[in-house]
Amino acid sequence: MDHKQITYAVEANNLVKTFGKERAVDGISLNVPKGIVYGFLGPNGAGKTTTIRMLATLLQPSEGHAKVMGYDLVQEADSVRQSISLTGQFASVDEELSGRENLIFIGRLVGFSKKDAKTRADELLKAFKLEDAAKRQVKKYSGGMRRRIDIAASIVTSPDLLFLDEPTTGLDPRSRNQVWDIVRALVKNGTTVFLTTQYLEEADQLADLIGVIDQGKLIAEGTSKELKASIGAGSLTVHFDDVTELEKAKEIFEQQLNHFAEANLREISLTVPIKEHAKAAKAIGELANNDVQIKDFSMSQPSLDEVFLTLTGKLPESEGDELHEQS
Amino acid sequence: MSNHEEAFENAITVKKRPKKPSALSAASTFAWRALLRIRYVPEQLFDVTVFPIIFLLMFTYLFGGAISGSTGEYLDFVLPGILVMTVAMITMYTGLDLNKDIEKGVFDRFRSLPIWRPAVLVGALSVDAVRYLIASTIMITLGYILGFRPEAGFGGVVLGVALLLFFSFSLSWIWTMLGIIVRTEKALMAMSMMILFPLTFLSSVFVDPTTMPNWLQKFVDINPITFVVDAVRGLIHGTDAIGDIMMVIYISIGLILVFGTLTMYFFKNKE
């Protein structure tokens, strides 16, 4: 097929998707340069999956338009499908079949001959360390193996653009790292990856460009460095042996760091957000200068919660709240 | 570079997409998948093996004496009817399977592939036709053992079953449409039953419609299942049923045109 000379893998212009009265995606515009990992970061129910489903031609946009790999999403849907692959959040392979059968099945559907489909399946099983499980039904796979076969099925032929919807949600750290390695290798080979995630760390590790989405709107976009700079370096937590020390420290912190320090009396600890690491060191030093006894201290990376807190002025809704609202 | 790394690099280096498969090739790939699934879950064949046996024994011995005076005579009359009823009933599993694919998420992958879209359904339906054939064979064989004798011989039976399979394929498009738009398996099951029960019972499956009250006869006379039963009965017993046969062909084509189109519309626009 002809390859268009394009700069952007995705060019979305004011995409809207409404379900009844609800605006699940509420006017999203974004440009994803070719050859990068774009991380779509947001809490549950923010509109990540709906956006990906629109870009993968599974849902018709209610308003707005978009080009994927240079093709119009609606007018040239079939050409879009030729250029993309989608690994959904849930099973995107047939759980009743074995891993090998699934790959042969997809291979046949993208147009390989029986022989080529089998060769390709075995090649992928080997590459994804699934040879031993090749003949086992996918429903008997572990979470990490599931993810790998899902992704393998998406790259039976190399897509120009690969959509991964929450590829590591629910995975243990080792499996998560394996998925990350696969994503990095794919990008090195020229595939553009558009992934959604709830984890800042994941976006941080993988994405060249991050879009933060909340309530159907893109509320910030930038590199991980840029986003972090906008929300500070994280937070400092200090533990004490008794409450009097904590109270002395609270006063010093709030003066030094110019921010409310949250006290946890049960754990006898203080937590305060930090703009720069140097300031945290200085604040700790100031405690020593004032003879405040501390038990230990730790710095934490900025969390998604903090990104949200900073960007939207409120905490993201948890899954529980969402379920509650729907019922 | 280790052996594995090499395999990995090799596997992910750009693989060109081959030419998109033909409609037939895509449909047969989906048929292959359906066959594999039967191999893993043979219980799926329960409905086409056990249902026909239970239905035939139950209705023949329950109603035979009362309706025809003897079970032997009733069997000749009722077997073509129960055959139609059983196969019509098991067509609804097509919709249930599709509904499960959607719920699990694998349907999304099918929809994001550049293939001839009806292939997903045509492939599954052609394997279902094999299932209907199994059900028909089992029922007719059991009937033969019990004393059923088709007056038009083996040829008539083959023609009757062929017509029934064509009608069942057409009827399945109602279930594929419902399978896509109805949200849960339970609701789909209930809805399918609601349609199938009146259609199959209020027909000429069990009794001659002339014994029914006038108002009911009116419904039975326009019920598509009645046409199918009369056509199949005619073919099996060699009576003149050309009017019914033509009617079944028209109805089947109509079902495909209407519900096939609606199915593909909802397939494309599934939210």
- request: Could you pull out the residue among B:Ala124, B:Ala129, B:Ala119 that is more than 14 Å from every other protein chain (Cβ to nearest Cβ), touching a helix residue (DSSP H, G or I) at 6+ places or on another chain (Cβ under 6 Å) and either buried (at least 21 other Cβ atoms within 10 Å of the Cβ) or closer than 26 Å to B:Leu235 by Cβ (or both)?
  value: B:Ala129
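Residue-by-condition table, conditions (1) assigned to a loop (DSSP other than H, G, I, E, B); (2) modelled with pLDDT of 95 or more:
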{"site": "A:Asp2", "(1), (2)": "yes, no"}
{"site": "A:Ile6", "(1), (2)": "yes, no"}
{"site": "A:Thr18", "(1), (2)": "no, no"}
{"site": "A:Ala24", "(1), (2)": "no, no"}
{"site": "A:Gly27", "(1), (2)": "no, no"}
{"site": "A:Leu30", "(1), (2)": "no, no"}
{"site": "A:Gly35", "(1), (2)": "yes, no"}
{"site": "A:Tyr38", "(1), (2)": "no, yes"}
{"site": "A:Pro43", "(1), (2)": "yes, no"}
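This table checks each residue for (1) in contact with a Phe, Trp or Tyr (Cβ under 9 Å, 6 or more places away or on another chain); (2) under 27 Å from B:Val182 (Cα atoms).
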residue	(1), (2)
B:Ala11	yes, no
B:Trp32	yes, yes
B:Val41	no, yes
B:Thr60	yes, no
B:Leu75	yes, no
B:Gly95	yes, yes
message: The conditions are (1) over 14 Å from B:Ser28 (Cβ atoms); (2) surrounded by 20 or more Cβ atoms within 10 Å (Cβ to Cβ); (3) hydrophobic (A, V, I, L, M, F, W, C), and B:Leu96 fails exactly one of them. Which is it?
response: (2)
- request: Would you confirm whether any residue within region B:92-105 is free of Cβ contacts under 8 Å to residues at least 12 places away in the same chain, within 14 Å of chain A (Cβ to nearest Cβ) and acidic (Asp, Glu)?
  value: yes
- prompt: Mind checking which pairs have a first residue in region A:141-163 that is of a type in the set (Phe, Trp, Tyr) and a second that is buried (at least 20 other Cβ atoms within 10 Å of the Cβ), Cβ under 6 Å, 6 or more apart or different chains?
  reply: A:Phe163/A:Ile52; A:Phe163/A:Ala56; A:Phe163/A:Leu86; A:Phe163/A:Phe194
- prompt: In region A:107-129, what count of residues is obtained for those that are more than 9 Å from every other protein chain (Cβ to nearest Cβ), in contact (Cβ under 8 Å) with a residue 12 or more places away in the chain and surrounded by fewer than 20 Cβ atoms within 10 Å (Cβ to Cβ)?
  reply: 2
statement: For region B:154-183, the count of residues that are closer than 14 Å to B:Asn99 by Cβ and in contact (Cβ under 8 Å) with a residue 12 or more places away in the chain equals 10
task: Hey, could you check region A:148-194 for residues that are away from chain B (no Cβ under 11 Å), among the hydrophobic types (A, V, I, L, M, F, W, C) and touching a Gly at 6+ places or on another chain (Cβ under 7 Å) and say which is farthest from A:Lys34 (Cα to Cα)?
output: A:Leu171
Members of region B:183-220 found to be among the basic types (Lys, Arg) and outside any loop (DSSP other than H, G, I, E, B), listed by number: B:Lys186, B:Lys218
message: Return the residues of region B:246-271 that are surrounded by fewer than 17 Cβ atoms within 10 Å (Cβ to Cβ), of a type outside the set (Ser, Thr, Tyr) and within 14 Å of chain A (Cβ to nearest Cβ); say none if nothing qualifies.
response: B:Phe266, B:Lys268, B:Asn269, B:Lys270, B:Glu271
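For every residue, the table says whether it meets (1) under 30 Å from B:Ala31 (Cβ atoms); (2) within 14 Å of another protein chain (Cβ to nearest Cβ); (3) among the hydrophobic types (A, V, I, L, M, F, W, C).
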{"position": "A:Arg53", "(1), (2), (3)": "yes, yes, no"}
{"position": "A:Gly64", "(1), (2), (3)": "no, no, no"}
{"position": "A:Ala77", "(1), (2), (3)": "yes, yes, yes"}
{"position": "A:Ser92", "(1), (2), (3)": "yes, yes, no"}
{"position": "A:Glu95", "(1), (2), (3)": "yes, yes, no"}
{"position": "A:Phe105", "(1), (2), (3)": "yes, yes, yes"}
query: Yes or no: B:Leu45 surrounded by fewer than 16 Cβ atoms within 10 Å (Cβ to Cβ) and either over 16 Å from B:Gly179 (Cα atoms) or free of Cβ contacts under 8 Å to residues at least 40 places away in the same chain (or both)?
result: yes
- prompt: Which of the residues that make up region B:1-52 are among the aliphatic types (A, V, I, L, M), at the interface with chain A (Cβ under 7 Å from one of its Cβ atoms) and out of contact with any helix residue (DSSP H, G or I) (no Cβ under 8 Å at 6 or more places or on another chain)?
  reply: B:Val14, B:Val41
message: I'd like to verify a number: residues in region A:52-90 that are in contact (Cβ under 8 Å) with a residue 12 or more places away in the chain and in a strand (DSSP E or B), how many?
response: 11
- prompt: Does region B:66-74 contain at least one residue that is of a type in the set (A, V, I, L, M) and within 12 Å of chain A (Cβ to nearest Cβ)?
  reply: no
- prompt: Within region A:78-106, restricting attention to residues that are buried (at least 24 other Cβ atoms within 10 Å of the Cβ) and farther than 21 Å from A:Tyr141 by Cβ, which residue is nearest to the chain's Cα centre (by Cα)?
  reply: A:Ile84
message: From the list A:Ala261, A:Ala220, exactly one residue is surrounded by 17 or more Cβ atoms within 10 Å (Cβ to Cβ) and farther than 30 Å from A:Thr196 by Cα. Which is it?
response: A:Ala261
message: Would you confirm, using the coordinates I've provided, whether A:Gln75 is surrounded by fewer than 22 Cβ atoms within 10 Å (Cβ to Cβ) and touching a Leu at 6+ places or on another chain (Cβ under 9 Å)?
response: no
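The values are calculated or read from the model by the stated rules, or taken from the named source; none is laboratory data. Just so we're clear, the structure is a prediction, and the values are computed from it rather than from any experiment. Note that each Cβ is placed from the backbone with ideal geometry, even for glycine, and that neighbours are counted across all protein chains shown.
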